[in-house]
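Just so it is clear, none of the values below were taken in a lab; they were calculated from the coordinates. Predicted, not measured: the structure shown is a model, and the values here were computed from it. All Cβ positions, even for glycine, are placed from backbone atoms using ideal geometry, and neighbour counts span all protein chains on display.
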Protein chains: 2
Amino acid sequence: MMKPLKPALLALALAAATQFAVAADPAEDPAAEKPAPYKSWMDILAESPAADWRPLDPANTLYMELPTGRVVMELAPGYVPLHAANIKTLVREKYFDGLAILRSQDNYVVQWGDPEEDEKKSKSLGTAKANFDPEFSVAVSKDTPFTRLPDTDVYAPQVGFGNGFAAARDGDGKQTWLTHCYGAVGVARGNDPTGGNGSGLYVVIGHAPRHLDRNVTIVGRVVQGMELLSTLPRGTGPLGFYEKPEQRTPIKIIRVAADVPVAEQTRLDVLRTDSPTFAAVTEARRNRRDGWTVAPAGAIEVCNVQLPVRPSKD
Amino acid sequence: MMKPLKPALLALALAAATQFAVAADPAEDPAAEKPAPYKSWMDILAESPAADWRPLDPANTLYMELPTGRVVMELAPGYVPLHAANIKTLVREKYFDGLAILRSQDNYVVQWGDPEEDEKKSKSLGTAKANFDPEFSVAVSKDTPFTRLPDTDVYAPQVGFGNGFAAARDGDGKQTWLTHCYGAVGVARGNDPTGGNGSGLYVVIGHAPRHLDRNVTIVGRVVQGMELLSTLPRGTGPLGFYEKPEQRTPIKIIRVAADVPVAEQTRLDVLRTDSPTFAAVTEARRNRRDGWTVAPAGAIEVCNVQLPVRPSKD
């Protein structure tokens, strides 16, 4: 929303953001303690200690290769152990290779899987399971840590982050689930709640469809390459399905990062969501004093929280 | 999220949605009154009376013609009289014709305006004003009706709809403002809050950046053609600005619909947001009993509320 389109003015605006905080002066009461100088989230990240970051876990990272490039996804086995394992089986048995993106519905989802309409001719799931209990929510455990946001939420009693994923908990904190934020990866299913196995997956490309929470199993999120999905032409059929095969984007291959030669890996670090830096970045976005903002929000919605990613330094 | 990719199965799923409600039976207490049969939002819209719809007002509708087609936007003069008038002046004096989309930032905004970097060479605003008071919020009046949602909101004390636009009110109901939902059209500005005049406009193409509410003047929303904006290649410069002129999408022309020959108009009806049908559709989405949903949300976030649009029947 920065008006200045020009790099020079843009730089100025960013500089002003820093200057603003320094210049802020509680003139009415000289004895009052000055508020801490405001640091933008960019400043905070730039100064963050290495310990507040973690590399993506290659064992739970997927690379989807499209003709336009690579989409990097991280799975969340702590929240969905059965589905994460099943999807990795599908990936390793080359289930997705040669399949396609079948659907792109504006402000909703992109979805991929087997385009074959005749179920008898559908691609074999190999040793992966076809049906098992959904993991719409799971019992809270040591595998589902939770850094709670102090903010309210329209859809859940508690919201926050665990292991780098936006998550929610019920009122008594016994069940937890991942939330449908932008970039969330979910398991498509039919009316049968046990019918989702990971052979059809979707990614949220619009405003968070939070009504899907606890109705679908979310298995992780896109960490890099969202723009390769979000800019796909929308399908013109019902629900954004492509009407012609040639409109579909082919999936060249999906691989588990750990199976990819190191030289071909996309090595990324993500900010730990239980770190002081994450808390500081989120607060800097909740209450912006950046020289541009005239009315700081004072709150942040879970799907507006930034999940910073950067190339690994090694 | 419907798993079935096949039209046949898809139809089945929709049929099941209706059957489900009829089959629902409060068996535990035969004397209990049965809940009303569930109707999906699609059923509700199909049965809605004509009086619950209104045509877009041609005097406050803009057509932006891109090489890929037409984007239809409706202005909200009740909330932003000064900016709506200024933008129509800019449009009628051909300010935007030949300019370009300058920025596409993933999960954020698309923005257009004058690409000229040298302000001395910038396109003249003609008789439009260059600076005036922002309309970040306005006093509640007869021009800002409000059908309040019963739901909570993370960012505002009250949320609802007025004249077809998502809106919020402060705690005592004296000030109101339009909210940054998907498709909202806003006025770009620099650090000076009075610097926005409508010569640079943006559209939300991702998860609602509600922290911008009351920091920018929202002038309306895109009613048709969002996919022409949301699928634009993302810019690779800071904030998603395009780095090379040839990456920009040219704007052929922007016109006020009233100035366009009737035969060339895009005649659309929008559901009145103060109508019973709108309330019913919203409730059907808040509490889905459609045969697919296993955990109805029980609430709806203002930016997840659907604003139905259909071709006019005349």
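Remarks
- Coupling constants for segment B:41-47 follow from the phi torsions by the Karplus curve (6.51 cos²θ - 1.76 cosθ + 1.60, θ = phi - 60°), and in residue order they are 4, 5, 4, 4, 5, 4, 9 Hz; glycine and proline get x.
- Gyration tensor (alpha-carbon) shape descriptor, chain A, a/c threshold 1.5: prolate
- With label points set 7 Å from Cα along Cα→Cβ, the inter-copy distances at residue B:122 are 5.7 nm, sorted shortest first.
- Chain B: most fluctuating residue of B:42, B:64, B:226 per GNM, C-alpha cutoff 10 Å: B:42
- GNM result for chain A, Cα springs below 10 Å: residue of A:36, A:168, A:51 fluctuating most strongly: A:36
- Estimated [θ] at 222 nm from DSSP helical runs (n ≥ 4, -39500 (n - 2.57)) normalised by residues in the protein assembly as shown, nearest 500: -5000 deg cm²/dmol
- Comment: the Cα-to-Cβ extended label point of residue B:70, at 7 Å, lies 4.5 nm from its counterparts in the other copies, nearest first.
- Three-way shape label, segment B:233-290, alpha-carbon gyration tensor, a/c 1.5: oblate
- Prolate/oblate/rounded label for the protein assembly as shown (Cα gyration tensor, a/c 1.5): rounded
- Residues residue B:170 and residue B:42, FRET efficiency given R0 of 25 Å [Cβ-Cβ distance, rounded to 0.05]: 0.10
- Choice from A:67, A:58, A:81 showing the highest fluctuation, given a GNM over chain A with Cα pairs closer than 10 Å: A:67
- Using a 7 Å Cα-to-Cβ projection, residue B:298 label spacings across copies, nm, ascending: 2.7
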